Amino acid sequence: MKLIDLHNLSQKRLKALQASGIHHPQDLLYFFPRRYIDKSNIQPIRYLAGITDPVTVVGKVVAKDITGYGNKKRLEVIIQDKTASLKAVYFKGWKYFINQFQKGSWVALYGTAKKYGRYMSMAHPEIDQLGKPEEAGKLDSLIPIYPSNKNFSKAYISNKLIEEWVSQILSAEKIEEFLPEQILKKHKFPDRETAFRLIHNPPDRKKANAALERFKFEEFFLFELSMAKVKQERFERSAGIMMEPGNFTKSFFNDVLPFKLTHGQKTSLSDIKTDLKSGYQMNRLIQGDVGAGKTVVAIGAMLMALDSGHQAALMAPTEILAEQHYQTIKEYLEPLGIRYRLITGGQSAKLRQDILTDIEGGNCQIAVGTHAIFQETVKFNKLGLVVIDEQHRFGVKQRNEILLKGDHPHLLVMSATPIPRSLAMTIYSDLDISVVKDLPAGRVPVKTAVRSDKERENVYKFIEESVKNGDQVYVIFPLIEESEVMDLKDATMGFEKLKRRFPEISIELLHGWMKSEEKEAVMKRFVEDKTKILVSTTVIEVGVDVPNASIMIIEHAERFGLSQLHQLRGRIGRGNKQSYCILMPGQKLSRTGRYRLKKLVETSDGFEIAEADLKLRGPGDFLGTKQSGLPDFNYADIIEDRMLLEQAKNDAWQIIKTDPELSSAEHENLKNTFEPYFKEKAEFFGVG
Ligand code: ADP
Ligand code: MG
């Protein structure tokens, strides 16, 4: 059937449906109730006073009348039960409602009762006609309530009408099942048709929930099937470049690196080595808390590429971080005679041209930079590996685009966003994952404390003393996008105040609105220990490494998220002396604000903090789809329903493994559903 076959579908109603994204009868089936109401609570009219929840009343229609003028015109109906009478009032659609009431007949009304003047009244109650009053007991007790909107109410698309349409569709349409039978059995899911019936007309809440689970699973399943498919297609299209560690790698680890690798670094490097030798393209995520030493892993991977005669690219999200990586590479790799260049946004045309020629000619072996690295003008001679640092804003699409580029380079992404591992494995399921869990030996855990404004002078004394002892200090101010100007003022004023308080100490200010050369110069002086106190906004947040900085003051700490505070704190505690993080909240501290700070004082385990953050903020914020490059699911929630997500992943990948083209008879329906879905999402997955 078509949408226009629906009963009582005017042009206006058709338009209202379309405006809400409903174009086919199937879309209406997927238009799920927002909640259910329970009509089984029948109350005598006389005892309604004081009941604020919606209830059902059962009575005989004794009068009906249209009264009032102009836009006050309304339908008033009086019904009566054994105890008293009640007035039902309809301000809109009264032409329709007037026919629902016949004098002398019985009705059940469902709504919220309120006393107006003499009468107990209900505005726009739901109506059920009854042959006799006893029938009220047999009414469907759970009523689906559909999401409504302006268009719907303008076109008089009532809840009841949607119910009618849904049941019309369900009796006219043949609803095909597309989930494989064994999956339905395994999870005890209702089949698709039953599930639609249960969602739209449930006998009880438990059954409605069971049906909803099935649809959540369906969403996850199609997503995971796509991930598996993306990976599989990539395998087919692009063989991995075979790489082996050689002299560069050996001399770096044996002669240059000043410390012993941690267990996590070793296993990550060995995972990478296996990938690079496998003949398949690497697409690996290195997950590790701040300060776990991911940079060394990245360098190890790049050297393996160089050893095999390829170029490598290292991309960082900010210029400061790119510059820092550049310095690290200089320190570690210059002794090996490796040639490397830095590409950032603010370079002069002449310099840029020189760098481009160098990269294209193959003279430059490692290109470090911001996203400027991926501009079209940058052409590599023989790119074998791309490393992306702090990748948490990178989606499937961007990853896939890189993997399908030119010679199909291997890809390594690194993240300090400590998503619980099982969750990471399901939402980034086209990636392989290595975890650098342990911090390098000799790290002294950062001591964290909360200090109020009253204690500020003590904090300042502490700073003064520490600087005398050779320590460096960060003072961080929040900079939140919507109020950048105001926050910047905060940081600037804080900076001026500190300069007045510490006239003898070299203090500098760093913020996102500075030109990149300025930023770099400021950062450089801090790295070189020429500046003792660095006042900064959160531009410092990501990845920056100055081991001598051992104190961090965070102003307005309550305005930062838990994970962000953890990231910030990760800038200190990088050397082997005791570091201190002092959280200075502003005046008003909410309960969650206090909880966040307390949590941070208690633990330094990034994974534990991530879990707490996740619980606090809910999934939307924690893994905002934009931030994480994840799709919007309509019914399912990747955090709350993560068990289901994991099951969907396992089932989907199992299927792609055994029947990659979905060509077997049992997968015929699945194929017919999956193919259009995948095509529609091609852009999202970066395969379009
Ligand atoms: P992140 O994982 O946050 O990117 P970095 O790679 O910046 O961490 O490393 C943090 C600091 O730890 C750096 O100063 C680095 O030199 C040092 N480091 C890394 N690995 C080790 C190790 N195995 N032993 C001692 N120090 C290490
Ligand atoms: Mg890092």
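Summary table below
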item	result
Amide H partners (placed H, <5 Å) of Leu510, local residues excluded	Val535, Ser536, Thr537
Rounded FRET efficiency, nearest 0.05, which uses the C-beta distance separating Glu464 from Val444 and R0 of 30 Å	0.85
3J(HN,Hα) from dihedral phi, region 296-310, Karplus parametrisation 6.51/-1.76/1.60, rounded to Hz, x for glycine, proline	4, 5, 4, 5, x, 5, 5, 5, 4, 5, 4, 4, 9, x, 10
Cα-based Rg of the chain normalised by 2.2 N^0.38 Å, two decimals	1.22
Cα-based helix-to-principal-axis angle, 205-237 vs the chain, degrees rounded to 10	40
Region 312-383 versus region 177-220: alpha-carbon centroid distance in Å	53
Taking N as its residue count, the alpha carbon Rg of region 525-595 over 2.2 N^0.38 Å	1.16
For region 100-115 and region 1-56, distance of Cα centres in Å	18
Distance (nanometres) between label positions extended 7 Å along Cα→Cβ at Lys82 and Ile51	1.5
Long-range HN-HN contacts of Ala84 with modeled amide H, under 5 Å	Ile45, Arg46
Segments 198-205, 98-105, 511-518 sorted - mean Cβ within 10 Å per residue, highest first	198-205, 511-518, 98-105
Solvent-accessible area per residue for region 292-355 (1.4 angstrom probe, square angstrom)	34
Counting DSSP beta bridges with both ends in the chain, the antiparallel % (nearest 5)	35
Rounded to the nearest 20 debye, dipole of the chain from Cβ charges on Lys, Arg, Asp, Glu	2740
Ranked packing of 330-338, 406-414, most packed first, by mean Cβ within 10 Å	406-414, 330-338
For region 47-63, Karplus couplings with θ = phi - 60° (6.51, -1.76, 1.60), whole Hz, Gly/Pro x	9, 6, 3, x, 8, 9, 6, x, 9, 9, 10, 10, x, 9, 6, 10, 7
Vicinal HN-Hα couplings computed from phi for region 575-582 (Karplus, 6.51 cos²θ - 1.76 cosθ + 1.60; Hz; Gly/Pro x)	x, 10, 9, 5, 10, 10, 10, 10
Degrees, to the nearest 10: 516-527 long Cα axis against longest axis of the chain	60
Only Lys, Arg (+1) and Asp, Glu (-1) charged, at Cβ; region 139-272 dipole about Cα centre in debye	360
Farthest toward positive dipole pole in the chain [+1 Lys/Arg, -1 Asp/Glu at C-beta], among Gln472, Ser148, Ser452	Ser148
Mean residue ellipticity (222 nm) of the chain, computed from DSSP H runs ≥ 4 via -39,500 (n - 2.57), nearest 500	-12500 deg cm²/dmol
Region 269-344: equivalent-ellipsoid semi-axes (sqrt of 5 x gyration tensor eigenvalues, Cα, Å)	21, 17, 12
Residue (of Gly293, Pro335, Gln311) at the positive-pole extreme of the chain, dipole from beta-carbon charges	Gly293
Cβ-Cβ FRET estimate between Asp407 and Lys515, R0 fixed at 41 Å, reported to 0.05	0.70
Geometric extent, Cα atoms of region 40-139 - Rg, Dmax (angstrom)	12.7, 39
Cα-based equivalent ellipsoid of region 247-436: semi-axis lengths in Å, sorted from largest, via gyration tensor	24, 20, 16
Mean accessible surface per residue for region 447-603, computed with a 1.4 Å probe while every protein chain stays in place, in Å²	48
Sequence-distant residues sharing a close amide H with Gly240 (under 5 Å, placed H)	Tyr280, Gln281
Protein accessible area in the chain, 1.4 Å probe - carbon and sulfur %	50
Cβ-derived FRET efficiency at R0 56 Å, Lys150 paired with Glu455, nearest 0.05	0.60
Acute angle (nearest 10 degrees) that the helix 159-172 long axis makes with the longest principal axis of the chain, alpha-carbon atoms	90
20 Å tail of the calculated P(r), region 140-200, as % of Cα pairs	43
Full-stretch length increase - Glu611, Glu134 - with 0.36 nm per residue and alpha-carbon distance subtracted	166.4 nm
Principal axes of region 447-603: Cα extent on each, largest first, Å	40, 35, 30
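The values are calculated or read from the model by the stated rules, or taken from the named source; none is laboratory data. Remember, it's a predicted structure, so these values are computed and weren't measured experimentally. Positions of Cβ are backbone-derived with ideal geometry, glycine not excepted, and every protein chain shown enters the neighbour counts. The area values use the complete protein model at the heavy-atom level, side chains included, leaving out ligands, DNA and RNA. Shrake-Rupley method; radii C 1.70, N 1.55, O 1.52, S 1.80 Å.
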